[in-house]
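K.L.:
Before I ask anything, let me first share the structure, which is written out below as structure tokens.
Values quoted throughout were computed directly from the atomic coordinates according to the rules given, and no laboratory measurement underlies them. Worth saying up front: this structure is predicted, and the values here are computed from it rather than measured. Using ideal geometry, Cβ is built from the backbone for each residue, glycine included, and neighbour counts are taken over all protein chains shown.
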Amino acid sequence: MKWFLILWALPLSLLGAWYGLSYYDINFGTQFFSRDLHDLVFQIYGNLLGMEPETIPGLVLKAILVDTVIVIGLIMLKRRGHSLYTGFKSLFARRSDKPADIETTQSEASLSSAP
């Protein structure tokens, strides 16, 4: 689980750091963090996807939020001691008021007591 979280958080933090620094043009004298490269990257993605470059950061943020909810859900399942199989099994299990053994013994008793 530790490696799963590291492999999930590391790319997100690198992407967030690059986006924040390049958006505000805090480039430390490098081209990588410049606003020109920032605009060029989103222009290329916009051309590839056929949409306006200004809408792409919002879509990326929504995808990150969905991934975060999924990861938090998996962590909660792991900490509670459940697996995905038992979670789905309990979610879709048939529910009845009486166990099957009690129902069969009662029906057998009513048949044997009949004249």
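K.L.:
Please give the residues of the stretch 51-75, grouped as numeric ranges, whose backbone N is less than 19 Å from a label point set 7 Å along the Cα-to-Cβ vector of Tyr23.
P.N.:
52-69
K.L.:
Here's another thing I want to ask about it. Which value, in debye to the nearest 20, describes the size of the charge dipole of the stretch 2-82 about its Cα centre when Lys and Arg Cβ atoms bear +1, Asp and Glu Cβ atoms bear -1, and nothing else is charged? List each step's numbers first, then the result.
P.N.:
On the way: 6 positive and 6 negative charges, 152 e Å.
Rounded to the nearest 20 debye, it is 720 debye.
K.L.:
Projected area of the stretch 2-82, taken from the Cα convex hull and averaged over every viewing direction, in nm²?
P.N.:
On the way: hull surface 26.6 nm².
Averaged projected area of the stretch 2-82's Cα convex hull equals 6.7 nm².
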